[in-house]
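Right, one structure below, let's go through it.
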Ligand SMILES: Cc1ncc(C[n+]2csc(CCOP(=O)(O)OP(=O)(O)O)c2C)c(N)n1
Ligand code: SF4
Ligand code: SF4
Ligand code: SF4
Ligand SMILES: [Mg+2]
C-alpha cells in the first residue's frame, strides 16, 4: 500500500510492522511525532507492545537495555541532546551486545539551542560500537527500520537508523508500506541466545578483568580486551551482513540495492561529491546541472556509516580525480569525520598514491542553515577549477 | 576469531563459589565453636543458629552442630559476637599455622 | 497480622556463594543473603556499580545463584522497568524483578530514574542498601552520609550537611510500600521483603548496612553497630503500607518499653565521627528526639 506521510510516521510504521515488544521514549524535537505515533498505535490496540513514557533519554535506553537483556525486541528514538544524554547507555548497549534499534531524527546539538537539522548528534556517537545507517527518503526510513531489526538480531549489535530532522522527519512524501505477512517472512521473531532467566541464572555485564580467567567449568574465559575485540570483529563482518540482508529484503519486497553506498553517475565520473542523508538526493539535481555544462561528476551517498564500508567507498571512487565530501557535522578541531574516514579508506585501498584523488572537505547545513541548490552548484563549479573559497562552509556569511 | 573459542561474546558469568579465591586466607582470627556451650549441639535439637543467621559469608552450616567452612570463612568475628552463649572463640590463626608447620 | 519469621522458620536454601570479594564483616553480605532467601529463586536482579557489583562476582564467576543484570549507575530503576516490561510481553509475570542499589545509586545519581519508575507505578521492588557513602570508590560522601562523618572527600571537617531521607522521599511518591530495615535485624528485613513482593507498583526498602572499613569499627561489631543505630533511634525500623506508618521490630519495642539509648552510644562506636563537634552531636540527638516525639506508643 502506498501512503503519503511524514518520515516520522514511516519510522513508526516500520516499528509496528517489526513487531516491537517494548518501546521507551522521551520527547524531543524533531523525533517527538514518531513516538507519539507509536503511543497512539499502542493505546488504540493496533500494536501489541508496551510503551514506557520514561523520565529521560538515559532511562529510555535503560528500559531498552533491560528489556532486550530479558529477550524482548526493543525500540527507542531520539534526537540531538537526547542522544547525547544517552551517551553512556549507547556504549553500554553495544558492549552488552543488545540488538536494540534506535531511530535518530538528526538535529543540531546545543549550545546554543537549535532544533534544526544537521548530523552532529549521531556522528558524535560514531565510536560507540553501534551500526549507523543513514536514510535518504521516506521509503528508506521504513525499509531501513525493518532491516535494522534483522541486522541487529543477526549480529547482536544495536543499530541506529538516522534520518534528517524536519527535512525528512516532518515532510510528507509517498512511500510503500510493506505487507505484514511479508515482513514476518523477512523478520522472524526475536530469539536471543540468552535472555535473563531464573532457570538458567547468569550475571550479565559483570566487572571484567584485564586478563583472561578460568570459569566455573574450568574453561578459559576472555578478558575485557577480547570482549571488545569480538565487538570490533563482528562490526567489521557486519558490512557483509548488511549486504546479505538487503538482498533478502530485495527478494521479498523487490526494493533495495546499494545498502552500503549509493553511487549516482559515478561510472565515468572524474569528480565525485560524497554526502549522507537527504543531501544525497539534492546533490543528484546539482550534478545534473553540472553534467549539462559538460563536467563529468557523480554523487556517492554513504548509506552505512558504521561499520564504515571502506572497500565499497574506495571502489566507487576509483578513477576519480577529485572528491568533495559534503558534511553536516564536524570533528571539531579537525575536519568532518566522514572526510577523515574516506581519506583513510582511499589510503588503504588505492596502493598507488599518485593515482589517489584529491579530497576536499566541505561543510553544509549546520544547525539547519538552508542548503540552496544554487549554492551547491556554484561551490562545486568552483571546486572543479580548484577555487572553493575558504573555509568551505557552504552558505556561511562571515 | 582465534582458536580459543570463548563461550560468550559478552561478560556472562555463571554461578559458583570462590570468586575471590579461598577467602579463608584473609583470616587473621579463626572462629572456633565450643560444642559444650553451643545450644543445638548440647540439646541435639534445632535451636539458636544465630551464627548461621548472621554470617555474612554463607560459611556456617545450619546443622547440629553448626560447622564452619574454613576454606572461605573470612574471620570477621560476627558469629562470635552474636552467639548468645559465647560458644565461639576467635583464635589467632598463627596458632594453627605454627601447628601445621611444626 | 502476618506471622513473624524466626531463625528456625527461615528457609535453609542459600542463593549466595561463599568466597566472594566483599570485605570481611560486610553487613551487606547479611542483608543480601537473607534478602535473596525472601525473594526466592524466581527473581531477576538489577544492580548498578557499587560494592554489591563486586560481591556479586567478577567475570566469569557469579557469586549469586539468581540471574542478575549489571547496569549503569544512574539507570537501575529504568533498567528494572525494561526487564519487567519484557517479562510482561513474554507472559513471564511470575518472575519478580528486584533492583538492588547502594545509597549513591539510589539517593544521588539514581534518584531520577527511581522517581520516574515510582511515579509510573512500575511493578518491582527497589532495595537500597545504605552504607552511607560511596564505598566502592573509596568512601566518599553521599547524600545519605550523616553530618559529622569523615569521608575521603570530607577529610578533616567531616560532612557539614544532614543526611537525605530517601524513605521519606519515596513515601512522598504515594507508593504502596516503603520500609526501612537493617542488616542487623535480618528477620525484620525478611518479613518486609515478603510483604513488599505481594504489593503492586514500585516498593521501596531502605536497608542500613554498617560498613566496617568505611565507618571505622572492628569487623566483629558489624551487627552490634547496626543494632545501636536502632536502639538509639538514629535509624528507625518502620513500614508505610498504603500510607499507614508503623514502627516495626526493635524500634516498636524501644518505643513500647521506653528504652531508647542516647545517640552518643552509637556515634562513639565509629571512628568516622571522631571529630564531630559537641554541637553536631547535640543536634543529632535533638533531631532524633524530635522524630520520636511524634511517635505514639500503643497504636501500630
Ligand atoms: C556514571 C558513573 N559515575 C561514577 C561512577 C563511579 N562509581 C562506581 S561505584 C560508585 C559509588 C557507589 O556508591 P553506592 O551506590 O553508595 O554503593 P557502595 O559502593 O557504597 O556500595 C561510584 C561513584 C560510575 N560507575 N558511573
Ligand atoms: S550461635 Fe552459638 S549457640 Fe547458637 S548455634 Fe551458633 S555456636 Fe551454637
Ligand atoms: S561470621 Fe565471620 S567469622 Fe563467623 S563464620 Fe562467618 S565469616 Fe567466619
Ligand atoms: S566497603 Fe563496606 S560496604 Fe563495601 S564491601 Fe567493604 S564492608 Fe561492604
Ligand atoms: Mg554506599
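The values are calculated or read from the model by the stated rules, or taken from the named source; none is laboratory data. Predicted model only: the values in this text are computed from it and were never measured. No Cβ is skipped: glycine too gets one built from the backbone with ideal geometry, and neighbour counts run over all protein chains shown.
Only strands (runs of 3 or more DSSP E) whose full extent lies in chain B are considered here, and the ones with at least 3 residues that are facing chain C (nearest Cβ under 7 Å) and touching a strand residue (DSSP E or B) at 6+ places or on another chain (Cβ under 7 Å) are B:12-15. For the stretch C:212-224, give me the residue count where each residue is surrounded by 24 or more Cβ atoms within 10 Å (Cβ to Cβ) and within 15 Å of ligand 3 (Cβ to nearest atom). The qualifying residues number 2. Checked across the stretch A:179-195, the condition of being within 13 Å of chain B (Cβ to nearest Cβ), buried (at least 18 other Cβ atoms within 10 Å of the Cβ) and more than 30 Å from residue A:2 (Cα to Cα) holds for at least one residue.
Test residue C:57 against the criterion of being under 25 Å from residue B:80 (Cα atoms) and either crowded, with 24+ Cβ neighbours inside 10 Å or at the interface with another protein chain (Cβ under 9 Å from one of its Cβ atoms) (or both), and give yes or no.
On the way: under 25 Å from residue B:80 (Cα atoms): no; either crowded, with 24+ Cβ neighbours inside 10 Å or at the interface with another protein chain (Cβ under 9 Å from one of its Cβ atoms) (or both): yes.
No, not satisfied.
Listed here are the residues, each with its yes/no results for (1) part of a helix (DSSP H, G or I); (2) away from ligand 1 (no atom under 11 Å from the Cβ); (3) in contact with a strand residue (DSSP E or B) (Cβ under 6 Å, 6 or more places away or on another chain).
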position	(1), (2), (3)
C:28	yes, no, yes
C:31	yes, yes, yes
C:35	yes, yes, no
C:38	yes, yes, no
C:45	no, yes, yes
C:49	no, no, no
C:75	yes, no, no
C:78	yes, yes, no
C:85	yes, yes, yes
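Of all residues in the stretch A:55-66, those satisfying the criterion of being within 24 Å of the chain's Cα centre (by Cα) and within 7 Å of chain C (Cβ to nearest Cβ) are A:56, A:58, A:59, A:62, A:63, A:64, A:65, A:66.
When residues in the stretch C:141-161 are screened for being surrounded by 15 or more Cβ atoms within 10 Å (Cβ to Cβ) and over 17 Å from the mean Cα position of the chain (by Cα), 8 of them pass. Among the residues making up the stretch C:85-119, those that are buried (at least 24 other Cβ atoms within 10 Å of the Cβ) and more than 22 Å from the chain's Cα centre (by Cα) are C:85, C:86, C:87. Entry remark, the stretch C:119-147: residues being touching a strand residue (DSSP E or B) at 6+ places or on another chain (Cβ under 6 Å) and closer than 28 Å to residue C:44 by Cβ number 11 in total.
Would the stretch A:343-351 turn up any residue that is touching a residue at least 60 places away in the same chain (Cβ under 8 Å) and on the phi < 0 side of the Ramachandran plot? Even if it seems obvious, please write down each step before you answer.
Step one: filter the stretch A:343-351 for residues touching a residue at least 60 places away in the same chain (Cβ under 8 Å), giving none.
Scanning the stretch A:343-351 turns up no residue that is touching a residue at least 60 places away in the same chain (Cβ under 8 Å) and on the phi < 0 side of the Ramachandran plot.
Identification of strands (runs of 3 or more DSSP E) wholly contained in the stretch C:181-300 with 3 or more residues that are under 28 Å from residue C:159 (Cα atoms) yields C:203-208.
Yes or no, residue by residue, for (1) within 14 Å of chain C (Cβ to nearest Cβ); (2) under 27 Å from residue C:87 (Cα atoms):
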residue	(1), (2)
A:19	yes, yes
A:41	no, yes
A:44	no, yes
A:48	yes, yes
A:91	yes, yes
A:111	no, no
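Within the stretch C:174-207, the residues that satisfy the criterion of being within 28 Å of residue C:140 (Cα to Cα) and within 14 Å of another protein chain (Cβ to nearest Cβ) are C:182, C:183, C:184, C:185, C:186, C:189, C:207. The stretch A:1-68 holds strands (runs of 3 or more DSSP E) entirely within its bounds, and those carrying 3 or more residues that are buried (at least 23 other Cβ atoms within 10 Å of the Cβ) map to A:22-25.
Look through the stretch C:51-66, keep the residues that are in a loop (DSSP other than H, G, I, E, B) and without any contact (Cβ under 8 Å) to a residue 24 or more places away in the chain, and return whichever of them is nearest to residue A:210 (Cα to Cα).
Restricting attention to the stretch C:51-66, the residues satisfying the condition of being in a loop (DSSP other than H, G, I, E, B) are C:56-57, C:59-60, C:63, C:65-66.
Going one step further and asking which of them are without any contact (Cβ under 8 Å) to a residue 24 or more places away in the chain, we end up with C:59-60.
Working: C:59: 10, C:60: 12 Å.
Among those residues, the one meeting the criterion is C:59.
Say whether the condition of being near ligand 3 (Cβ under 8 Å from one of its atoms) and either within 30 Å of residue A:129 (Cβ to Cβ) or surrounded by 15 or more Cβ atoms within 10 Å (Cβ to Cβ) (or both) is met by at least one residue in the stretch B:43-51. So that I can check it myself, show each step before the final result.
Residues of the stretch B:43-51 that are near ligand 3 (Cβ under 8 Å from one of its atoms), as a first pass: B:51.
Still in the running and either within 30 Å of residue A:129 (Cβ to Cβ) or surrounded by 15 or more Cβ atoms within 10 Å (Cβ to Cβ) (or both): B:51.
Yes, the conditions are met somewhere in the stretch B:43-51.
Taking each residue of the stretch C:109-138 that is more than 10 Å from chain A (Cβ to nearest Cβ) and on the phi > 0 side of the Ramachandran plot and looking for partners that are more than 16 Å from ligand 1 (Cβ to nearest atom) and at pLDDT 95 or above with beta-carbon atoms closer than 6 Å, six or more apart or interchain, yields C:121/C:201.
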